[in-house]
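Working notes for the structure below.
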Amino acid sequence: HAVRMSHVVQAAVRAAMPERMVGRVARVAADALLEAWPADEPNAWLTASLRACVISLQRTTGKALWAGRCHPVLMRAGASLDQVRLNTAAVSYWQDLTAVSDRLLGAAHEDTLAAGHRLAEAYLAAGRVGEAVSAFQWVLSSQARALGPEHPSIIAGQIKIGRASCRERV
């Protein structure tokens, strides 16, 4: 269920690997993790292990999982935290993912907006309504610049902000 390798051996393998190969290997590993991930997450230890593998892969491969877009396994790991209601961990994860996506892909990129939206939802789940409203507003303003103010997703975003604001007042 787990493959363990000494940090020394890991470092030696990475040092011997050509730089162009790191990205390919990282994407293959990320694809394998995504394929192994069960849809309904019935086994807590398995999904916790998969999330740990994603975090380890992120640490060791740097930008390799960000070749023009956010690799789907990064979104899946965050969704897993949401699904099992690890709200504090989910907020932290989505904050980091949104910041990296913003830095590497830009604020208007669909992956950045998706991560920002997930961050807002995580704030709501954690009871941090004011921060959720701010995050929803950030996503909405970025979407409006990219899509125009009359786009259906802008209207849906305005409704979310309204609902979140109502929760704040209650």
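Any chance region 82-96 includes a residue that's more than 23 Å from Glu121 (Cα to Cα) and open to solvent by 40 Å² or more (accessible area, probe 1.4 Å)?
no
Report yes if Glu35 is surrounded by 17 or more Cβ atoms within 10 Å (Cβ to Cβ), among the acidic types (Asp, Glu) and modelled with pLDDT of 90 or more, otherwise no.
no
Considering (1) over 21 Å from Val84 (Cα atoms); (2) open to solvent by 100 Å² or more (accessible area, probe 1.4 Å); (3) part of a helix (DSSP H, G or I), say which one Arg4 fails and leave the rest.
(3) is the only condition that Arg4 fails.
Which residues, counting only those in region 36-49, are out of contact with any Ser or Thr (no Cβ under 7 Å at 6 or more places or on another chain) and in a helix (DSSP H, G or I)?
Ala36, Ala44, Trp45, Leu46, Ala48, Ser49
Take the residues of region 100-115 that are in a helix (DSSP H, G or I) and under 16 Å from Gln137 (Cα atoms): which is most open to solvent (accessible area, probe 1.4 Å)?
Top of the filtered list is Glu110.
Quickly run through region 136-163 and pick out the residues that are open to solvent by less than 30 Å² (accessible area, probe 1.4 Å) and in contact with a Phe, Trp or Tyr (Cβ under 6 Å, 6 or more places away or on another chain).
The one that is open to solvent by less than 30 Å² (accessible area, probe 1.4 Å) and in contact with a Phe, Trp or Tyr (Cβ under 6 Å, 6 or more places away or on another chain): Ile161.
The values are calculated or read from the model by the stated rules, or taken from the named source; none is laboratory data. It should be emphasised that the depicted structure is a prediction, and the values quoted were computed from it without experimental measurement. No Cβ is skipped: glycine too gets one built from the backbone with ideal geometry, and neighbour counts run over all protein chains shown. In case anyone asks, the SASA skips ligands and DNA or RNA and just uses the protein heavy atoms, side chains included. Shrake-Rupley method; radii C 1.70, N 1.55, O 1.52, S 1.80 Å.
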